[in-house]
Amino acid sequence: AVVIAGLLPIMLGTGTGSEVMRRIAAPMVGGMTSATILTLLVIPAAFLIWKTLALKLPKTR
């Protein structure tokens, strides 16, 4: 959250050189946002589904 908050002023700036910095900051904000969502939601959900299916399947040994 701190990295995203720190990049927002760079992405929304209007001063000299802001066009260049906006091109650098926009992908970083998107990457940090998608990495956060992936880490907090997608990976735990996939793990839960995997373990639930593993418990339901009969043991072969």
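Out of curiosity, is I4 β-branched (V, I, T) and at pLDDT 95 or above? Criteria not met by I4. When the helices (runs of 4 or more DSSP H) confined to the chain are screened for residues that are of a type in the set (K, R) and exposed (fewer than 10 other Cβ atoms within 10 Å of the Cβ), those reaching at least 1 such residues are found at 43-56.
The values are calculated or read from the model by the stated rules, or taken from the named source; none is laboratory data. Not measured: the values here are computed from a predicted model. Note: ideal-geometry Cβ built from the backbone for every residue, glycine included; neighbour counts use all protein chains shown.
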